[in-house]
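What follows is a set of notes on a single structure, which appears directly below.
The values are calculated or read from the model by the stated rules, or taken from the named source; none is laboratory data. No experiment lies behind these values; they were computed from the predicted model shown. Note that we place each Cβ from the backbone using ideal geometry, even for glycine, and neighbour counts take in every protein chain shown. The area values use the complete protein model at the heavy-atom level, side chains included, leaving out ligands, DNA and RNA. Shrake-Rupley method; radii C 1.70, N 1.55, O 1.52, S 1.80 Å.
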Amino acid sequence: MRKKLLVIMLTGLLFLSACLLGITAVFRVDSVTVESFVVSPQARAEVNKISVRVNEAYNGDGILSADESEIEEILKDFPYFRLTSFKKEYPNRIRIEITEDREVYAVEGQKENEYYILGGDGTVLEVRNSPLNRLDGSPNVTIKGLSVSGKKGEKLSGDERIETLLKFFSRMDERLNGFRDNVKLVTVTEYNPEYTIETAEGVLICVANASFMTEEKAEAAVNKYLSLSDQQRLHGKIMTGDDGEKVVVTYSDKIF
């Protein structure tokens, strides 16, 4: 009786294995479509390279076991792009969507004419000798005063102030719906004001004790900036600080 049960179990396992092998053989990837959302001319050439590598990586794989890991590994070599969709279309197609991240910041490096070009989340998209945006040729938001290092596809390191700075700017960016049109230059110092932000119109936004109530100060600074008249935005400064408990923000039409 035991031998019969053992034979039945082994027969069942062999049958299931054969079925699985048959399914795997039939459901093999033979078509990979890469759809891209790009904002710069340079990105189109990069998409072609990504498509070639993606097809090499997935072609012939079993669609049941295929996942995002291979495309994510490929995109490490193309930091401007992020994966936004990965779909399997049975029996044999994979559809991938990737999106180009926009350049926002140009952080001065240690060498002359060295800039770390960052996306909005602080990822290093490129290291080059110009702060100009690769899409429109106008300057990215230039940041001076940090001691940083980093590689393409990684976050900047070497200066703990970068995390607070990006948090501050993230809130400003939300309120201004993208603030490259509003901000030209940021100077970071080790004393108060920690940030001196030069706007496109001319008014300065000065931020003291930036690591305390960071997002609240960003909100208050933007509110004050938006409340100014066109004439007021041409000169003077917005001082943003705190009294130990709440944010204090003022405007003066004089810089000193």
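Connecting C-alpha atoms closer than 10 Å in a GNM of the chain, tell me which of Ser69, Ser157, Ser211 has the biggest fluctuation.
Ser69
Please get the size of the charge dipole for the range 30-131, origin at its Cα centre, with Cβ charges of +1 on Lys and Arg and -1 on Asp and Glu, quoted in debye to the nearest 20.
So the magnitude is around 240 debye.
Which one, Thr189, Asn129, Val207, projects farthest toward the positive side of the charge dipole computed for the chain from Cβ point charges (K/R +1, D/E -1)?
The Cα lying farthest towards the positive end belongs to Asn129.
Rounded to the nearest 20 debye, what is the charge dipole size of the range 145-225 about its Cα centre when +1 sits on each Lys and Arg Cβ and -1 on each Asp and Glu Cβ?
200
Run lengths n ≥ 4 of DSSP H only: what is the helix-derived mean residue ellipticity at 222 nm for the chain, with -39500 (n - 2.57) per run over all residues, to the nearest 500?
-10500 deg cm²/dmol
Quick one: how many Å² of Glu201 are accessible to a 1.4 Å probe, rounded to 10?
60
May I ask you to derive the FRET efficiency for Ser130 and Glu245 from their Cβ-Cβ distance with R0 = 45 Å, giving the value to the nearest 0.05?
0.55
Where does the charge balance sit around Thr164 when Lys and Arg score +1, Asp and Glu -1, over other residues with C-beta under 12 Å from its C-beta?
-1
Compute the FRET efficiency between Lys144 and Leu234 as 1/(1 + (r/R0)^6), taking r as their Cβ-Cβ distance and R0 = 22 Å, and round to the nearest 0.05.
The formula returns an efficiency of 0.45 here.
When all C-alpha to C-alpha distances in the chain are sorted into bins of 10 Å, what percent of pairs does each bin hold, rounded to whole numbers?
P(r) for the chain, in whole percents per bin: 7, 24, 23, 17, 12, 8, 5, 3, 1, 0.
For each pair in Lys49/Lys111; Lys151/Lys184; Lys184/Lys254; Lys49/Lys151, compute the distance between the two Cα atoms and list the pairs where it is over 28 Å.
Violating the 28 Å Cα-Cα cut-off are Lys49/Lys111.
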